[in-house]
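Engineer: This is the structure, below, for whatever I ask next.
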Amino acid sequence: MDAASSLGIDKIGFASAEPFTELKDILLRHREKGFESGFEEPDIEKRVNPELSFESPKSIISIAVAYPSKLPNPPRSEPGAYRGIISRSSWGSDYHDVLRDRLAKLEAFIAERVPDARLMSMVDTGVLVDRAVAERAGIGWSGKNCAVITPEWGSWVYLGDMITNIPFTPDTSIMDQCGDCTICIDACPTGALVGPGQLNSSRCISFITQTKGYIDDEYKRKIGNRIYGCDTCQIVCPKNKGMNWTHQPELQPDPEKVKPLLIPLLTMTNKEFKEQYGRIAASWRGKKPIQRNAIIALGNFRDQSAVPILSELLLADPRPEIRATCAWALGRIGGEEASSALNNAQAKEQEPAVRQDIEKAITAVSQSASR
């Protein structure tokens, strides 16, 4: 552990490389119920059998790197200057890069001492289920919120894996410490946690904010001012109470970047987006989902000062999902200016899905005015 700490690794554990046989049944049931996000490795056999990715594996090393949960001096949302929020997992530098750096250092450390070592590292997008590896390696237990919870760092940790031909002595798994607690399940804004350790990804706000295209109306209000990700099930977890980690320099947040003003996001060019957000994990889907989510947030704030830019985008933006979302937001905000913009757009809009949202928004403004 001392060596791991010197490499910037907060916790390290060792697991056997035997197939994850029990996990296979869980993943199959998850798929049958339609709970997958679509971001996973599609081949379930590869997800549960390390030998399909690495010849004659003997061990899997799991690492955890802790990240912050509290924003120092957070800027405040104010009328006319409302802000969105990016989830904690995307604060600081992209965790994929940070973990790859830590794993590369660990690979070099091992290779120097074991010349014939074979090593294959994976971060998030690898074929194995990193939470299952971490659980087997004694990093933590799998919480009811589907996060790995460590006794030392809570669930505010990134996970990485390394398969190797070195037969390390396996660590002992940690017993589940959630007990009868269901706070995370009860707090989930959309009911995406359908049971202990069971997540319906299609209902998860973290997943929804990363999708491209249209968002169902039932989720828009529940998104609130989240423009990327969701931390609710971790924030409410009693095991995370008082835990905030500031010792990893690359992972510390820029408050203005992770709690940004919403209106400026709407006119940001691709170049500006890359300059401001290109180095954080939230940038991987590009600017469109974040802009769409910012529009939803402005609607939820009912920000009258946003009506001019929302009206402009409704009439002129080439992206139908942006126009449709602007219509919804204007319907939420209401007022004569919003009503005028919606009626103008209705006369010009050709896309059926957008026209439908404009009509719903016109109805919403009319009903609001009659109250």
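The values are calculated or read from the model by the stated rules, or taken from the named source; none is laboratory data. Just so it is clear, the model here is predicted, and its values are computed rather than measured. Glycine also receives a Cβ, built like all others from the backbone with ideal geometry; neighbour counts cover every protein chain displayed.
Engineer: Against the conditions (1) surrounded by 17 or more Cβ atoms within 10 Å (Cβ to Cβ); (2) more than 22 Å from residue 197 (Cβ to Cβ); (3) touching a residue at least 40 places away in the same chain (Cβ under 8 Å); (4) touching a helix residue (DSSP H, G or I) at 6+ places or on another chain (Cβ under 9 Å), where does residue 103 fall short? Just the number, please.
Structural biologist: The failed condition is (4).
Engineer: Scan segment 335-370 for residues that are under 15 Å from residue 292 (Cβ atoms) and crowded, with 22+ Cβ neighbours inside 10 Å and report the count.
Structural biologist: Summing the residues that are under 15 Å from residue 292 (Cβ atoms) and crowded, with 22+ Cβ neighbours inside 10 Å in segment 335-370 gives 2.
Engineer: Go through segment 110-137 and give me each residue that's part of a helix (DSSP H, G or I) and either surrounded by 15 or more Cβ atoms within 10 Å (Cβ to Cβ) or touching a Gly at 6+ places or on another chain (Cβ under 7 Å) (or both). Explain how you work it out, then say what you get.
Structural biologist: Residues of segment 110-137 that are part of a helix (DSSP H, G or I), as a first pass: 110-113, 130-136.
Answer for segment 110-137, where residues must be part of a helix (DSSP H, G or I) and either surrounded by 15 or more Cβ atoms within 10 Å (Cβ to Cβ) or touching a Gly at 6+ places or on another chain (Cβ under 7 Å) (or both): 110, 130, 131, 132, 133, 134, 135, 136.
Engineer: Something else: Need a quick list: helices (runs of 4 or more DSSP H) entirely within segment 270-334 having at least 3 residues that are surrounded by fewer than 17 Cβ atoms within 10 Å (Cβ to Cβ) and at pLDDT 95 or above. Talk me through it step by step, then tell me what you get.
Structural biologist: Values: elements: 270-277, 287-301, 307-316, 320-333.
The qualifying helices (runs of 4 or more DSSP H) are 307-316.
Engineer: Among the residues in segment 63-80, are any farther than 30 Å from residue 289 by Cα and within 26 Å of the chain's Cα centre (by Cα)?
Structural biologist: Yes: one or more hits.
Engineer: Related question: Looking at (1) in contact (Cβ under 8 Å) with a residue 40 or more places away in the chain; (2) in contact with a helix residue (DSSP H, G or I) (Cβ under 6 Å, 6 or more places away or on another chain); (3) surrounded by 17 or more Cβ atoms within 10 Å (Cβ to Cβ), can you tell me which one residue 190 breaks?
Structural biologist: Here residue 190 meets the rest and fails (1).
Engineer: Consider residue 149 carefully, then state whether it is of a type in the set (A, V, I, L, M, F, W, C), crowded, with 22+ Cβ neighbours inside 10 Å and assigned to a strand (DSSP E or B).
Structural biologist: Considered against the rule, which asks whether it is of a type in the set (A, V, I, L, M, F, W, C), crowded, with 22+ Cβ neighbours inside 10 Å and assigned to a strand (DSSP E or B), residue 149 comes out as yes.
Engineer: Within segment 201-223, how many residues turn out to be surrounded by fewer than 13 Cβ atoms within 10 Å (Cβ to Cβ) and assigned to a loop (DSSP other than H, G, I, E, B)?
Structural biologist: The total comes to 3.
Engineer: At least 2 residues that are surrounded by fewer than 13 Cβ atoms within 10 Å (Cβ to Cβ) in each: list the helices (runs of 4 or more DSSP H) lying fully within segment 1-92 that qualify.
Structural biologist: 2-6, 21-32
Engineer: Look at residue 9 and say whether it is of a type in the set (A, V, I, L, M) and within 20 Å of residue 157 (Cβ to Cβ).
Structural biologist: yes
Engineer: Turning to a different aspect of this structure: Right, residue 201: in contact with an Asp or Glu (Cβ under 8 Å, 6 or more places away or on another chain), at pLDDT below 95 and polar (S, T, N, Q) or not?
Structural biologist: yes
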